[in-house]
Amino acid sequence: MSGPRIKICGLTRVEDADLAVALGADAVGFVLWSPSPRVVSADDAATIARSLPPFVTRVGVFVNASPEAVGRLVAEIGLDVVQLHGDERVADYAGVARRLVKVVALSGEADVDSAMRLPLDVTVLVDAVDRERRGGTGARADWARAARVARERPVILAGGLSAADVGEAIGRVRPWAIDVSSGVEDRPGIKSAEKLRALFAAVAAADATSRRPAGSAGQEDA
């Protein structure tokens, strides 16, 4: 099994997006919700999106925006994926004609059941519980519940991930992808080159460990 795909979210600068992609990011995220400290204008997001290679996925993050508003920004920016981070009903966004990601906070068993019941063409993203800031808080998601969902369907894991804990998170949850924002920042919306490099190195190390045959530890020194 290869390592998880990596999305770097909350981007506001071309140079940060360029470095993330150079390090191996599969996707980048633009927060299009004005109360967020990482909000980016449609014009700036479009500029960043146009600067990226064609096979990097461009994700727009929305909180309770109307389907019409989402559709308009999809076209203006050139988004490939719509991430719904509020209380939206995914069925209302079927006309957007983009892959949907629905964010869930697994605070109880009912939330696990709801995540399992989402349509299979909607990707589940598990984040920490925060109904005010809606992500990017640095708080950890419930890894145990996320792992239960990940055993049944592809899961994107978010919630305070950084180089310090991403290896453990990957090992415990086995997510299809990880989504990182605050864990690679100097301040909201401004990424740290050092933290980005450390994150990708930690993911690579976790992948190498998972590929190592059982009982091989220490054999190189034998």
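The values are calculated or read from the model by the stated rules, or taken from the named source; none is laboratory data. Small disclaimer: the values here were computed from a predicted structure and weren't measured. In this analysis, Cβ positions are derived from the backbone assuming ideal geometry, glycine residues included, and neighbour counts consider all displayed protein chains.
Listed values, structure above:
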read-out	value
Every residue from the stretch 37-58 that is of a type in the set (Val, Ile, Thr) and more than 17 Å from the chain's Cα centre (by Cα)	Thr47, Ile48
All positions within the stretch 175-200 that are part of a loop (DSSP other than H, G, I, E, B), more than 18 Å from Ala22 (Cα to Cα) and either aromatic (Phe, Trp, Tyr) or free of Cβ contacts under 8 Å to residues at least 60 places away in the same chain (or both)	Trp176
Where Pro53 falls short, out of the listed (1) surrounded by fewer than 20 Cβ atoms within 10 Å (Cβ to Cβ); (2) assigned to a helix (DSSP H, G or I)	(2)
Residue selected from the stretch 11-34 under the condition touching a residue at least 24 places away in the same chain (Cβ under 8 Å) and of a type outside the set (A, V, I, L, M, F, W, C), by the criterion farthest from Ala69 (Cα to Cα)	Gly24
Answer from Glu132, Glu152, Glu88 - the residue that is modelled with pLDDT of 95 or more, part of a loop (DSSP other than H, G, I, E, B) and either under 18 Å from Leu32 (Cα atoms) or not charged (D, E, K, R) (or both)	Glu88
In the stretch 19-40, the residues that are touching a helix residue (DSSP H, G or I) at 6+ places or on another chain (Cβ under 7 Å) and over 16 Å from Glu185 (Cβ atoms)	Gly24, Leu32
One residue from Val103, Val61 being touching a residue at least 12 places away in the same chain (Cβ under 8 Å), within 23 Å of Ala146 (Cβ to Cβ), among the hydrophobic types (A, V, I, L, M, F, W, C) and touching an Asp or Glu at 6+ places or on another chain (Cβ under 6 Å)	Val103
